[in-house]
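The values are calculated or read from the model by the stated rules, or taken from the named source; none is laboratory data. What you see is a predicted model, and the numbers here were worked out from it, not measured in a lab. Reconstructed Cβ throughout: ideal geometry from the backbone, glycine too, with neighbour counts over all protein chains shown. We work out accessible area using only protein heavy atoms, side chains counted, and drop any ligands, DNA or RNA first. Shrake-Rupley method; radii C 1.70, N 1.55, O 1.52, S 1.80 Å.
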Amino acid sequence: MNEFEIVRRISDELPQAPPEVLVPIGDDCAVLRLGERDWVAASDMLVSGHHFKGWATPEDVGYKAVAINVSDVAAMGGVPRFVLASGGAPDPETTLRCFRGILEACELFGVYPLGGDTTRADALTVDVAILGELFAPPVLRSGANPGDLLAVTGDLGASAAGLLALENGTSGSQRLIRKHLRPEPRVVAGRIAAGLGVGAAIDLSDGLASDVRRLCAHSGVGCRVHLDLLPIASDTRAFLESLGRDPGILAATGGEDYELLISAPEPTLDALAESVETPITKIGEVADGVGVFFRRGDEPVENLSGWDHFSS
Ligand SMILES: [Mg+2]
């Protein structure tokens, strides 16, 4: 069973949602109406040995656990407001250091920590739950329409390159390592995209190849993605080429970019690009049908896939 199937099986067993639940499980966040206001809610967990190895400090792990939740809020167009953080570690010192990273991220993203829990655990484990506030209708995965273009924020593949640098013990790739250990989710771009009424969005956690399939599946559409158009920074490209890796493939499959993939009509994407400092790069087109096709020049690229949390 992969992660997709597990979520679907759990979804099948859920009770009927109360009326405050506007969007149930299955998107980047659920959407709740509490009083007059709409909120998004999500949680995400990091486990030592699975999501990170010895190169990440406990502070890095705490920071990233908050950041990946902030990224889910950003994908909905929400503004992150509150977190609950729980974690376990083999010793109290590691727990404290991890919570320092959590607090550092809370300060950076303007999030207030409401509480949480700690316990002793064999491996450092952190789970963060987040509440974000909506100031525009939420951007769902399901709103992509044929004729929309696909665009991404920022650049792709830097986090995967940073991970390779850490695995190889290579120095001199500090920006890439930072992109991996200390991602900065696209909250401003997500909020402005929501205000502009973009069709759909998802954050790029598992890799473009996986996440674009999710977005298209939720929307009941297909798409073409042009690998030649993927925004890859020159330091990412140079580092990957020095390792004999294909930058285009890594950018499509590497994961953990925590950029946003957005589907919208071209004029809306142009308006977004004019409103935010973050680069917005068009990478493909949404089409009728259900096929997700990757191309490089005129050649199809087959069998691209991202990260599956239960396959390794
Ligand atoms: Mg997500």
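Quick one: Karplus J couplings for the stretch 215-228, per residue in order, coefficients 6.51, -1.76, 1.60, θ = phi - 60°, nearest Hz, x for Gly and Pro?
4, 5, 5, 5, 8, x, 10, x, 6, 10, 10, 9, 4, 5
Hey, can you grab everything whose amide H is under 5 Å from the amide H of I202? Only 5+ residues off in sequence or another chain; H modelled, so Pro and N-termini drop out.
Distant-sequence amide H within range of I202: L261.
Using just the helices of the chain, give the 222 nm mean residue ellipticity in deg cm²/dmol: DSSP H runs with n ≥ 4 each add -39,500 (n - 2.57), and the total is spread over all residues, rounded to 500.
That calculation yields -11000 deg cm²/dmol at 222 nm.
Go ahead and run the numbers for FRET between T170 and E13, Cβ-Cβ distance against an R0 of 41 Å, rounding to 0.05.
Efficiency at R0 = 41 Å is approximately 0.35.
Just the number please: accessible area per residue for the chain, 1.4 Å probe, all protein chains included, in Å². All intermediate terms of the calculation are to be shown ahead of the outcome.
Details: 14230 Å² over 312 residues.
Averaged over the residues of the chain, the accessible area is 46 Å².
How large is ³J(HN,Hα) for each residue in the stretch 281-296, as worked out from phi by the Karplus curve 6.51 cos²θ - 1.76 cosθ + 1.60 (θ = phi - 60°), to whole Hz, x for Gly and Pro?
Running phi through 6.51 cos²θ - 1.76 cosθ + 1.60 with θ = phi - 60° gives 10, 6, 10, x, 10, 7, 9, 4, x, 10, x, 10, 10, 10, 10, 10 Hz.
What is the chain by shape, rounded, prolate or oblate, if you read a ≥ b ≥ c off the alpha carbon gyration tensor as root eigenvalues and call it rounded for a/c under 1.5, prolate for a/b larger than b/c, and oblate otherwise?
oblate
In whole angstrom, note down how far apart the Cα centers of the stretch 76-96 and the stretch 215-237 are.
Their Cα centres are 31 Å away from one another.
Can you give the charge dipole size of the stretch 1-153 about its Cα centre, rounded to the nearest 20 debye, using +1 on the beta carbon of Lys and Arg and -1 on the beta carbon of Asp and Glu?
In total the dipole reaches around 80 debye.
Connecting C-alpha atoms closer than 10 Å in a GNM of the chain, tell me which of E36, E266, E59 has the biggest fluctuation.
Among E36, E266, E59, the largest mean-square fluctuation in the Gaussian network model of the chain belongs to E36.
Taking K and R as +1 and D and E as -1, what net charge do the other residues with C-beta under 9 Å from the C-beta of D155 add up to?
Net charge around D155: -1.
With label points built 7 Å along Cα→Cβ from the Cα atoms of V21 and A217, find their separation and express it in nm.
That separation, rounded to one decimal, is 2.0 nm.
Residue by residue, what Karplus-based ³J(HN,Hα) values in Hz, rounded to whole numbers, does the stretch 51-59 have, using 6.51, -1.76 and 1.60 with θ = phi - 60° and x for Gly and Pro?
8, 7, 10, x, 6, 8, 6, x, 4
How big is the accessible area of R213 in square angstrom, nearest 10, if you roll a 1.4 angstrom probe over the protein chains?
Rounded to the nearest 10, that gives 90 Å².
Roughly to the nearest percent, how much of the accessible area of the chain is carbon and sulfur, given a 1.4 Å probe? Intermediate values should be presented prior to the final figure.
Working: 7490 of 14230 Å².
Exposed carbon and sulfur together represent 53 percent of the surface.
Where the centroid of each part is defined by its Cα atoms, how far is the stretch 119-162 from the stretch 242-262 in Å?
What the calculation gives is 15 Å, centre to centre.
Going toward the positive end of the dipole of the stretch 158-294, with +1 on Lys and Arg Cβ and -1 on Asp and Glu Cβ, which of G254, V286, A201 do you reach last?
Value: G254.
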